[in-house]
1. Can you give the longest run of the chain that contains no chymotrypsin sites (Phe, Trp or Tyr not before Pro) sitting in a DSSP loop with at most 15 other Cβ atoms inside 10 Å?
2. Test of the criteria: in the range 417-478, which trypsin sites (Lys or Arg not before Pro) are in a DSSP loop and have at most 15 other Cβ atoms within 10 angstrom of their Cβ?
3. Using the basic label-point model (7 angstrom from Cα toward the beta carbon), what is the K217 to E103 distance in nanometres?
4. Report the paramagnetic label zone for R315: residues of the range 466-480 whose backbone N is under 19 Å from a point 7 Å from Cα along the Cα-to-Cβ axis.
5. For the pair R137/R572, report the inter-label distance in nm, with labels modelled 7 Å from Cα in the Cβ direction.
6. Got a number for carbon plus sulfur as a percent of the range 159-297's accessible area, 1.4 Å probe?
7. Where both partners of a DSSP beta bridge lie in the chain, what percent of those bridges are antiparallel, to the nearest 5?
8. Using the Kirkwood radius over C-alpha pairs as Rh, can you work out the diffusion coefficient of the chain via Stokes-Einstein at 25 °C, viscosity 0.890 mPa s, in µm² per second?
Amino acid sequence: MDIVLDEVLTPETLVDGEEIRILDPACGSGIFLTEAFRRLVYYRSVGRERAPTFASLSRMLSESIFGIDRNDDAVGVTAFGLYLALLEHVDPRTIWLTARLPELIGTNLVVSDFFEDNRLANIKFDVIVGNPPWQSRLSKASSEYLRRAGRVAPDKQIAVAFVWRATEMLTDTGFIGFVLPAKTILHNRVGPADRFRLEFFSKLDVHTVIDLSPLRKELFGAASSPAAIVIFSHDTRTPVSSDTLLHVSPRRTPISQIVDGIVIPQHNIQQISRSVAAQDPSIWKTLLWGNTDDVALVRHMRETFMSLTDTVERRKWHRGAGYQLVGGDENDASHLVDLPQIATADFRPMALPVKTSAPVTARVMHRPRDTEIYSGPHILMRKGFKDFPEASFIPFDAAFTDGLFAIAAGPDDKQLLQAIAGVLNSSVARYWFLMTASSWGVEREQLHYREWMSLPVPALHREDARALAEIVQNSLAGAPEESWRSRLDEIVERAYGLTEPERQLLRDALTIRWSELHQGWRSEAYSPPDNVHYARYAESLSHQLELLELGQWKCSMTERSAGFVMLTCENRESAISASQDDGAFSVTQLLGDISQTHNEWLSTATIIEPQAVVLDGVSVHLIKPDRLTCWPMSATKRDAADVFGALLTGDVEDRGRVDDA
């Protein structure tokens, strides 16, 4: 709630003397409206000699605060909370004994479906905030509204209907701040969700997207659905308007365990080209656990290589999910009788199952599936997993439930099938799924069938296919992973044509980002790297600067204190001729400057961890928290761009920008 209000109730929107109307279209117990009123009172009172009178506060409440909810009890609770907020600002506090409270229910607070005609339906509002209901069930009124508006809600998600209806009730210069289901708004990749996303980011002016998926359990307890905060308005952009929006991804850092607020590492605040957001519905998952370089690599893989689906179709192989025993209608399953079964719990990656279960006996099933996917040789892929996605080559016939998916081919394609099984277990495949799957890293550890089949697959040379097949055979025979992992990854990375920077990006994602995802604030990503790591980082940064044709550079760690590290970059030629300053720049100096900066509009709900690029004569200092997640080796290219920007303009280039190129 606080983050939403911080974004929409700014000094620009709370102009003194101008009327402002604030609406929560699903107000529930009224927490958004009550806090909005408190903030409005504070802004209109701060710096004045006299406190506002009861009459002026009542007028402010009646003119500015509005809410709608279907539940009359909820509306009553909202009214009670607003009355308390009104009285807490009045002196003496006993005035409630004689004062007449403004009538809210039926005027400002309406019991109604948001999509029905009601007292507020034709009013325009300056600010619309709230947490619309998340449910895959449309009310009769919302369904009728979508039909009239010519819009579709993916999976019948009613929150989508709230988005479109709220924009119709917004003034031309107003703002909307909603807490929305992250999977529908950002991550689901089914056709209707993609189409909604494209329309949403192209038809509206989206200012900020805060993906709270990594904090799902911390913020909402047992809630299974992740949230996203989205700040948007009508598209009134002009040629001089900003062409970017902000994407923010908080983390479960150690600091988040000791402060009451959401912690955002600065490298997780990224500027995204609006045109990219309006054209590519797939970028949001990549940005959640990666950065703009990852967006570029994922796009390159998708555009360069044929998907696994297309590969299977071209070779006329068979594919699909396993059988569903019950669930509705009954169909003939006699073709599965007497087949041995592989239980999902007995499935192992790059290995034969622990055991096979008793043969199938059921002759009738809800969805028995086609016979061909159960015939060996085939690749089986598991839907749910613990650490990384799991696939294995199975040479014999076997039945299985829909907890497993299959790709089956004839005996003549056995070697290629084994090779593809190796690709599916490679680090490249793990990286692809981490950066693109709608559930892994968002909600739970699982890959849907279509996500397995989305993997871009390179054309394998005969020697590579033979080598991968050999690795798979050895693994099935019991060879431990440490004996074949590095060779498997080397062959697959070469087949994809990955450059060394791309390989480093992949390694950082599967170690640092994966650790953040699975271990949270206990992750090794939040531990300080050793001096050897910083020496390697400085050497790589020097190399990246030289690639920019900026001369010969020397970068080194010059300070490590107060939880921060400073790397200093000097041009070798300029450093020789430059005179020495009276005093050297330090981390302590920077932190002192920051502590003297005060802004009463700074948010109390979020903590942005500081980092800086400082131009200091002929030197440029990079200052970031002393944690591995802030200094991954793959970040040297982006840091070099920041140093270049500081030298070129005397300022720092925008960090983390996703452009069309």
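The values are calculated or read from the model by the stated rules, or taken from the named source; none is laboratory data. If you're wondering where the values come from, they're calculated on a predicted model, not measured in any experiment. When we count neighbours, we look across all protein chains shown, and the Cβ atoms used for this are built from the backbone with ideal geometry, even at glycine. Please note that ligands, DNA and RNA were not included when accessible areas were found on the heavy atoms of the full protein model with its side chains. Shrake-Rupley method; radii C 1.70, N 1.55, O 1.52, S 1.80 Å.
1. Working: sites that count: F396, W601.
After excluding every exposed loop site, the longest remaining stretch is 1-395.
2. R444
3. 5.1
4. So the set is 466-476.
5. So the label points at R137 and R572 sit 7.1 nm apart.
6. In the range 159-297, the share of accessible area belonging to carbon and sulfur is 53 percent.
7. Rounded to the nearest five, the antiparallel share is 70 percent.
8. Here the translational diffusion coefficient equals 87 µm²/s.
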